[in-house]
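A.B. asks: Here it is, the structure, as structure tokens.
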Amino acid sequence: MNLLDRAIGLVAPGAALRRAQARAAMAMLARSYEGARIGRRTEGWVVAGTSANAEIGTALVRLRDRTRDLVRNNPYAAKAVSAVVSNLVGTAIMPRARGVDATVNDQADKLWARFAEACDADGLTDFSGLQALIVRTLVESGECLVRIRERRVEDGLPVPLQLQLLEPDHLDASKTGDRPGGGFVIQGVEFDALGRRRAYWLYPVHPGEVAMFRSTSLVSQPVLASSVLHLFDRLRPGQVRGVPW
């Protein structure tokens, strides 16, 4: 404190305290904006005021490819992904019926167990395995698509429904712009005029397979949003696509 503060403190301690609090607040306010100053320490700091979608749109493919390359070739990256999957999924989430009728609960649990065994559209794993694969895809690719596939009753499944996991490469990111009727598309995700997700523009096969050894035409088609689960970690309001962790 300076001489004036000491003098005020002798005759009016409350006023001196308020002066000290105001001075501390001003000092904190000045420090909080140091990041906006222009000087030697920040001259190489290039920033942009773009939206999350503008930033993701130009960087997503490269981020995704580099992350996958790290997981393939760097044992530390591979171990990190495995650790995240183990901690998030563990022994997997298994729901249990908790209704008032114990008999109905038992029937529901048994039906779920049968569905969980046959829910994979690829026929390679069960519901627990799908959970682990979803988390792995989220970490490596930033997002995962789960397509809900309705089946015929004559297919003989416990429940006429299966889940098909798709990598985000299936989303046609070139689809961006306005749509008839007031809707719009952002990086393959279509919205109606109110901003609600309406459809996903999906390639029938993985684009990488077409480039390597499949002759299928690479033309995306809209799939109703009600038939697709788009899983990603939303970090900013308005964000449409996810980025690798």
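The values are calculated or read from the model by the stated rules, or taken from the named source; none is laboratory data. Fair warning: this is a prediction, and the values are worked out from it, not measured in the lab. Don't worry about glycine lacking a Cβ; one is built from the backbone with ideal geometry, like all the others, and counts go over all protein chains shown. Note: accessible area is taken over every heavy atom of the protein model, side chains too, but ligands, DNA and RNA are not part of it. Shrake-Rupley method; radii C 1.70, N 1.55, O 1.52, S 1.80 Å.
A.B. asks: For residue 157, only one of the following conditions fails: (1) in contact with a Leu (Cβ under 8 Å, 6 or more places away or on another chain); (2) open to solvent by 20 Å² or more (accessible area, probe 1.4 Å). What is its number?
C.D. replies: (1)
A.B. asks: Further question on the same structure: Hey, does region 76-92 have a residue that's out of contact with any helix residue (DSSP H, G or I) (no Cβ under 9 Å at 6 or more places or on another chain), at pLDDT below 95 and not in a helix (DSSP H, G or I)?
C.D. replies: yes
A.B. asks: Residue by residue through region 93-116, note down the ones that are at pLDDT 90 or above and aliphatic (A, V, I, L, M).
C.D. replies: Answer for region 93-116, where residues must be at pLDDT 90 or above and aliphatic (A, V, I, L, M): 97, 100, 102, 104, 108, 111, 113, 116.
A.B. asks: To continue, here is another question. Assigned to a loop (DSSP other than H, G, I, E, B) and modelled with pLDDT of 95 or more: does that describe residue 130?
C.D. replies: no
A.B. asks: Filter region 129-149 down to residues that are open to solvent by 40 Å² or more (accessible area, probe 1.4 Å) and not β-branched (Val, Ile, Thr), then give me how many there are.
C.D. replies: So the count comes out to 4.
A.B. asks: Oh, and also: Could you check region 83-119 and list, in sequence order, the residues that are in contact (Cβ under 8 Å) with a residue 40 or more places away in the chain, within 22 Å of the chain's Cα centre (by Cα) and open to solvent by less than 50 Å² (accessible area, probe 1.4 Å)?
C.D. replies: Matches in region 83-119: 84, 85, 89, 92.
A.B. asks: Of all residues in region 193-230 being in contact with a Gly (Cβ under 8 Å, 6 or more places away or on another chain) and either at pLDDT 95 or above or of a type in the set (A, V, I, L, M) (or both), which is surrounded by the fewest Cβ atoms within 10 Å (Cβ to Cβ)?
C.D. replies: By that ranking, first place goes to 193.
A.B. asks: Which of (1) among the charged types (D, E, K, R); (2) out of contact with any helix residue (DSSP H, G or I) (no Cβ under 6 Å at 6 or more places or on another chain); (3) without any contact (Cβ under 8 Å) to a residue 40 or more places away in the chain; (4) within 30 Å of residue 204 (Cα to Cα) is the odd one out, the single condition residue 126 does not satisfy?
C.D. replies: Of the numbered conditions (1) among the charged types (D, E, K, R); (2) out of contact with any helix residue (DSSP H, G or I) (no Cβ under 6 Å at 6 or more places or on another chain); (3) without any contact (Cβ under 8 Å) to a residue 40 or more places away in the chain; (4) within 30 Å of residue 204 (Cα to Cα), the odd one out for residue 126 is (2).
A.B. asks: List pairs: first residue in region 46-75 and over 13 Å from residue 242 (Cα atoms), second residue loosely packed, with under 15 Cβ neighbours inside 10 Å and at pLDDT 95 or above anywhere in the structure, Cβ distance under 8 angstrom, at least six positions apart or on different chains.
C.D. replies: 71/78; 72/78
A.B. asks: Can you pull out the residues in region 142-154 that are in contact (Cβ under 8 Å) with a residue 12 or more places away in the chain and aliphatic (A, V, I, L, M)?
C.D. replies: Scanning region 142-154 gives 145, 146, 148.
A.B. asks: Is it the case that residue 139 is hydrophobic (A, V, I, L, M, F, W, C), touching a helix residue (DSSP H, G or I) at 6+ places or on another chain (Cβ under 7 Å) and either without any contact (Cβ under 8 Å) to a residue 12 or more places away in the chain or within 25 Å of residue 66 (Cβ to Cβ) (or both)?
C.D. replies: It is true that residue 139 is hydrophobic (A, V, I, L, M, F, W, C), touching a helix residue (DSSP H, G or I) at 6+ places or on another chain (Cβ under 7 Å) and either without any contact (Cβ under 8 Å) to a residue 12 or more places away in the chain or within 25 Å of residue 66 (Cβ to Cβ) (or both).
A.B. asks: Show the residue pairs that are 6+ apart or on different chains and have beta-carbon atoms under 7 Å apart, the first residue being within region 155-184 and under 22 Å from residue 57 (Cα atoms) and modelled with pLDDT of 95 or more, the second being basic (Lys, Arg) and open to solvent by 30 Å² or more (accessible area, probe 1.4 Å).
C.D. replies: Every condition considered, the pairs that remain are 166/147.
A.B. asks: For region 40-63, enumerate the residues that are in a loop (DSSP other than H, G, I, E, B) and open to solvent by 80 Å² or more (accessible area, probe 1.4 Å).
C.D. replies: 40, 41, 43, 45, 46, 47, 49
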